[in-house]
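The values are calculated or read from the model by the stated rules, or taken from the named source; none is laboratory data. In this text, all values refer to a predicted model and were calculated from it rather than measured experimentally. Here the Cβ positions follow ideal geometry from the backbone for every residue, glycine too, while neighbour counts run over all protein chains shown.
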Amino acid sequence: MTQPQNAIFNEQSQSYHHLEYKFKDDVYLANIQNALQTALCKQTDDINVVVAFGRSATNTLLPDLQLDAFDDFTEIASPHGKKAIASQGDVMFWIHSDNASHTLEQAFHIQSALNKIADNQLDISGFQYHKNRDLIGFVDGTANPKEDARQLASLIPEGQPGAGGSFVLSQKWVHDLTSFNAMSVPEQEAVVGRTKEDDIELSGDAMPANSHVSRTDVSGMKIYRRSSPYGNASEHGLYFLAFACEQLRFTTQLQRMYGIPDGVTDRLIDYSDAVTGSYWFAPSQTELDTLMN
């Protein structure tokens, strides 16, 4: 059986770092492979690193895969003018561990390895906030699949191109906490679709059709969220990171959030802006080892 990148599923970390790059023009394949080998050579048992590639880089580095339905991220606009910005990159690294020093040192090492062949597009440190809550105060990832269901939702099945790998969505969301926190707790709960304190999903008439839960909870399209809050006093938000066995699950949820095709938009996008967006493919560990050798 094909071995996935196990770092996708380690849920014990407290510290996170996200790096996204665009390869420089006219970089040779051998230079990319050497840089990736250097970037990943210092992994240890207490540091988790996931690497994933954009469509163009995947086609270059893994030309025999022939992945089904894998496209670049393109801008999405709601009928009211809110946009999910596209910033498609070539390679991303997700670093996480229990030790912020080790996480940052690994980020330094990867940046040094990639510096000559790629331009950095995103560099964000993330953290765990009040027992897995987003900065808006609500628990994040409540509906995540558990145990073996995580692999079913996030990994391409055996027998399909890219088996053991995963499609990935990353977005940097910048929150307007001043506006969000100006609402009463019941108003906030109507936006999200869950109670703030107890993390219980609203039901019946109490669940608005335009809540975040209503727009993103699509039957039969589970994804595995691994997002983390980031930021400081002046800019803060959520680095949304999720894994799925097919890209369609992401595009469906995003289109519903932005009111496509029914015009009903997710209330949460009134209080947070997606300022980056990329789709990636995280190859299996088996494929990655072959690429590195």
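So here's what we get for this one:
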item: Residues (in contact with a Ser or Thr (Cβ under 7 Å, 6 or more places away or on another chain), of a type in the set (S, T, N, Q) and surrounded by fewer than 18 Cβ atoms within 10 Å (Cβ to Cβ)) located in region 103-127; result: Gln121
item: Residues within region 65-96 that are in a strand (DSSP E or B) and either touching a Gly at 6+ places or on another chain (Cβ under 8 Å) or under 20 Å from Ala242 (Cβ atoms) (or both), tallied; result: 9
item: Matching residues in region 1-57 - criterion: being under 20 Å from Gln247 (Cα atoms), of a type in the set (D, E, K, R) and out of contact with any Gly (no Cβ under 6 Å at 6 or more places or on another chain); result: Arg55
item: Every residue from region 254-273 that is modelled with pLDDT of 95 or more and either touching a Leu at 6+ places or on another chain (Cβ under 9 Å) or part of a loop (DSSP other than H, G, I, E, B) (or both); result: Leu254, Met257, Gly259, Ile260, Asp262, Gly263, Val264, Asp266, Tyr271, Ser272
item: Hits in region 114-157 - residues which are among the small types (Gly, Ala, Ser) and either within 16 Å of the chain's Cα centre (by Cα) or over 21 Å from Thr103 (Cα atoms) (or both); result: Ser125, Gly126, Gly137, Gly141, Ala143, Ala149, Ala153, Ser154
item: Lone qualifier among Ala84, Ala52 - being surrounded by 13 or more Cβ atoms within 10 Å (Cβ to Cβ), modelled with pLDDT of 95 or more, closer than 27 Å to Asp26 by Cα and not acidic (Asp, Glu); result: Ala52
item: Residue check for Thr38: in a loop (DSSP other than H, G, I, E, B), surrounded by fewer than 20 Cβ atoms within 10 Å (Cβ to Cβ) and β-branched (Val, Ile, Thr); result: no
